[in-house]
Every structure is written in C-alpha cells, then in structure tokens.
1. If I ask for residues that are more than 12 Å from the chain's Cα centre (by Cα), farther than 16 Å from LEU128 by Cα and of a type outside the set (D, E, K, R), which ones from region 77-104 would you list?
2. Residue check: is ARG166 of a type in the set (D, E, K, R), closer than 21 Å to ASN14 by Cβ and out of contact with any helix residue (DSSP H, G or I) (no Cβ under 9 Å at 6 or more places or on another chain)?
3. Scan region 17-76 for residues that are in a strand (DSSP E or B), at pLDDT below 95 and not hydrophobic (A, V, I, L, M, F, W, C) and jot them down.
4. For ILE203, only one of the following conditions fails: (1) more than 29 Å from LEU237 (Cα to Cα); (2) β-branched (Val, Ile, Thr); (3) surrounded by fewer than 21 Cβ atoms within 10 Å (Cβ to Cβ). What is its number?
5. Just give me the residues in region 121-138 being charged (D, E, K, R) and in contact (Cβ under 8 Å) with a residue 60 or more places away in the chain, in sequence order.
6. Looking only at region 173-210, count every residue that is among the charged types (D, E, K, R) and either in the same structural domain as GLU74 (by TED's automatic domain parsing) or within 23 Å of HIS149 (Cβ to Cβ) (or both) and tell me the total.
7. Of VAL185, VAL101, which residue is among the β-branched types (Val, Ile, Thr), within 22 Å of VAL66 (Cβ to Cβ) and part of a loop (DSSP other than H, G, I, E, B)?
8. Is there any pair with a first residue in region 157-186 that is under 13 Å from VAL78 (Cα atoms) and a second that is assigned to a loop (DSSP other than H, G, I, E, B) and charged (D, E, K, R) whose Cβ atoms are under 9 Å apart and which are 6 or more apart or on different chains, and what are they?
Amino acid sequence: MVAVMSTRHTPNQNHLLAALPAEIFERLSPHLELISMPLGEVLYESGGQLQHVYFPTTAIVSLHYVMENGASSEIAGVGNEGVLGISLFMGGNTTPSRAIVQTAGHGYQLKARLLMEEFIRGGVMQHLLLRYTQALITQMSQTAVCNRHHSVEQQLCRWLLSTLDRLPSNELTMTQELIASMLGVRREGITEAAGHLQQAGFIRYRRGHITVLDRSGLGSRVCECYAVVKNEYDRLLCDVRNR
C-alpha cells in the first residue's frame, strides 16, 4: 500500500478518530499513516496475525467469511464510522474473516501495538471502541437474519442504503458480480433485482456504475434490517458524531 499525502485527507474524516479528546489524538496522530485503499485489496486474510488496525475515511471495507470451497459472503461493512481490527482488543490477535476493500478510497493505518497501549489505558478510547464493537456485532447479526429471511431485492436495497451512508455522493462503482459475491447470492438474482429497481426509477446501472436516483424509493422497498442497524449505530455512537 502506498501512502498518498494530501491536504484533502484528515484523520477527522473517520468518526472514531474525530471523537478522541485532544490529548489522546495528539499521542496517536504522529503514528497515523494515510494509505490508499484500492478496490479489491485484501487488508486481512482469515487467520492472519493483525499487525495494523485501519480507520477508513473515504474507503469502505467488506468483512467476508470464506468457506472451505472458496465461496464467501459479506458479514459486515466498515467505513468512516469505524475501525478494522476489533479482534485485537477483544482478546485475540487473529480474525476469522477476510477484509477486502469494497469501495476504493483512503484510510489511516496504525500499528496494532499502539492501539493496544491506548486501549489498556482505559478511558475514552476504550469506551468508544467497545461501543463501536457492539454496533458492529449488531450489524453482523442482522445481516445473517436478513440473508436468511428476506428477498434478494430487499437485501440489495439494504446494501445500497448502508453503502450510501458512508459515501459523500450517490454514485457507486460496483459490478453485479461483486454485489452478488457480497450478498452470497447468484448473479442472476442481482441482475433481476437491480432491473426491478431501475424500472421503478430508483437507480441507474451501467458498466459497473450505480447511481441512486431516489433514495426514498429504496427506503420503501428495503426490509426492516437497514433501520435496525442504522438505529443501533446512532444510539451507540451518537456521542461520537456529536463531539
């Protein structure tokens, strides 16, 4: 990964880093390295040792569980609201999931040792990370329920809305094959669902680009899972965003 320094990128674009008191931020900021996160880059492999944690700013990273036969599906997404590497401070040093960049962008990496030193101090950093972890567990649980009980169209609407929440625009660069892999469904199912949403005037899809034209329209088709997860993030992390 190549660092790309630019005045357009700041750690405060990540909500957790933005919520840190000045004293903690000043300790960590010299060690926060701005990195490029290109589409498809694997940040963690299942079972790998965690050397760094990552705070996405403009990138979105997908956590996948990979089966023995190579099949996989997304169990959670992490964007500017969170951090990658929670297993580090939850008592382990490896993760059972693969972390792969879903939407290209940037983020900040921090050596795992430095995060653990700050976590062990207790206080605000520990509090924020534990509340974020609870919200992430809610996302994982609701994703499992959604994939089992709701239609492909509902799952696609949930995925689109949650992705938009982490982006500054209504444009997504994503092929139907990648979306199908994220949701763990057949590509034909995504093609059909996307076609219905396009016919309804909610999205426009062409050549790997999705433009959301009517967000409220997606909201009318989405299942309850989107609101459950969003409300839990708001409840647990509202103090993070308001700092």
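1. GLY91, GLY92, ASN93, THR94, THR95, PRO96, SER97
2. Values: of a type in the set (D, E, K, R): yes; closer than 21 Å to ASN14 by Cβ: yes; out of contact with any helix residue (DSSP H, G or I) (no Cβ under 9 Å at 6 or more places or on another chain): yes.
In short, yes.
3. Of everything in region 17-76, those that are in a strand (DSSP E or B), at pLDDT below 95 and not hydrophobic (A, V, I, L, M, F, W, C) turn out to be TYR44, GLN49, HIS52, SER62, HIS64, TYR65, SER72, SER73, GLU74.
4. Condition not satisfied by ILE203: (3).
5. Filtering region 121-138 down to residues charged (D, E, K, R) leaves 121, 131.
Answer for region 121-138, where residues must be charged (D, E, K, R) and in contact (Cβ under 8 Å) with a residue 60 or more places away in the chain: just ARG131.
6. Result for region 173-210: 4.
7. Only one candidate qualifies: VAL185.
8. Listed by first residue and then by second, the contacts come to ASP165/GLU81; ARG166/GLU81.
The values are calculated or read from the model by the stated rules, or taken from the named source; none is laboratory data. A quick note: this is a predicted structure, and the numbers were derived from the prediction, not measured. Positions of Cβ are generated from backbone atoms using ideal geometry, with glycine treated the same way; all protein chains shown enter the neighbour counts.
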